[in-house]
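Okay, structure first, notes after.
The values are calculated or read from the model by the stated rules, or taken from the named source; none is laboratory data. Predicted model, so just to flag it, every value in this text is computed and none were measured. In this analysis, Cβ positions are derived from the backbone assuming ideal geometry, glycine residues included, and neighbour counts consider all displayed protein chains.
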Amino acid sequence: MIDAAPNAPTCVVAEDEALLRQALVAELKRAWPGLQVLAECEDGASAVEALAEHQPDVAFLDIRMPGLTGLEVAAIAAEASPRTRIVFVTAYDQYAIDAFERGAIDYLLKPVKPERLDATIARLQTRGGQPDAATLAALLGQLGALPRQADAPEPLTWLTASAGRETRLVLVDDVLYFQADQKYTTVVTADGEALLRSSLRELLPRLDPRTFKQIHRSTIVNLKAIAGIVRDDSGRGSVRLKQRTETLTVSQPFMALFKHM
């Protein structure tokens with residue numbers, strides 16, 4: 001954790017590709033020497049947690065990240081860190097750029113050019129606040145059905161998991177939730193549990209983001225398996241499942257995912 005100097009502007013950078021993340025951070029240090037980068041995140045879930053913890057002045061969010069997209073992170077940030085100004089980093093075509101510009105939303109096009117970053121920083125330094133919830137919702141609606149990248153792997157259909165000495169083939173549609181188990185992942189279906197030799201981070205890019213959402217650092221849930229969501233007085237929540245008796249904890253920032261459910 002980095003402690004910000006008093007009155008110094010702060011930011012969080014979220015980009016799943018390490019080299020691009022490092023390059024953006026380096027360019028930010030060049031273009032805005034007083035800016036303090038409080039966290040560098042490699043997926044949407046860690047970005048949400050960093051925003052909730054640090055409440056930075058600015059967040060640079062890649063649109064495409066494992067698990068939660070940059071758009072979803074921004075929607076959560078509207079509640080979890082309302083003072084944070086959002087800048088989207090995108091490799092999209094002109095159609096998407098037009099959507100950003102109609103909403104007066106700050107964006108950087110990959111690969112990020114120094115002159116464009118300088119212009120974005122100048123705007124950030126002269127105006128505050130992030131786009132309102134309605135603007136973000138409209139953008140989510142326009143870009144929510146994100147086209148798959150040409151080199152992106154097809155979503156998983158089957159998983160090979162272990163239950164004792166038995167190896168099981170598990171249909172991904174039958175999975176109710178995934179839960180981190182040290183270096184492995186527990187796969188939970190209505191019929192029982194099995195162990196997958198992959199981490200949640202390795203799983204996220206291979207799951208259909210329209211169906212599976214991360215609700216906690218250690219939990220991914222199948223939205224079709226949810227029977228109900230309960231919010232407690234602290235703002236945290238829990239998910240009830242249709243086919244299991246246990247409940248799943250939802251971290252406070254992630255409750256914004258269920259605001260309209």
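From the list 42, 49, 15, exactly one residue is in the same structural domain as residue 69 (by TED's automatic domain parsing), farther than 19 Å from residue 91 by Cα and buried (at least 17 other Cβ atoms within 10 Å of the Cβ). Which is it?
Details: 42 fails: farther than 19 Å from residue 91 by Cα; 15 fails: farther than 19 Å from residue 91 by Cα.
Unique residue meeting the criteria: 49.
Quick one: count up the residues across the stretch 43-61 that are under 9 Å from the mean Cα position of the chain (by Cα) and over 20 Å from residue 255 (Cβ atoms).
So the count comes out to 0.
Among the numbered criteria (1) modelled with pLDDT of 90 or more; (2) farther than 23 Å from residue 257 by Cβ, which single criterion is violated by residue 174?
Going through the list (1) modelled with pLDDT of 90 or more; (2) farther than 23 Å from residue 257 by Cβ, residue 174 breaks only (2).
Looking only at the stretch 67-89, count every residue that is free of Cβ contacts under 8 Å to residues at least 60 places away in the same chain and within 17 Å of residue 210 (Cα to Cα) and tell me the total.
2
Suppose we keep only residues that are closer than 11 Å to residue 200 by Cα and of a type in the set (A, V, I, L, M, F, W, C) within the stretch 160-189. Which one would you say is surrounded by the fewest Cβ atoms within 10 Å (Cβ to Cβ)?
180
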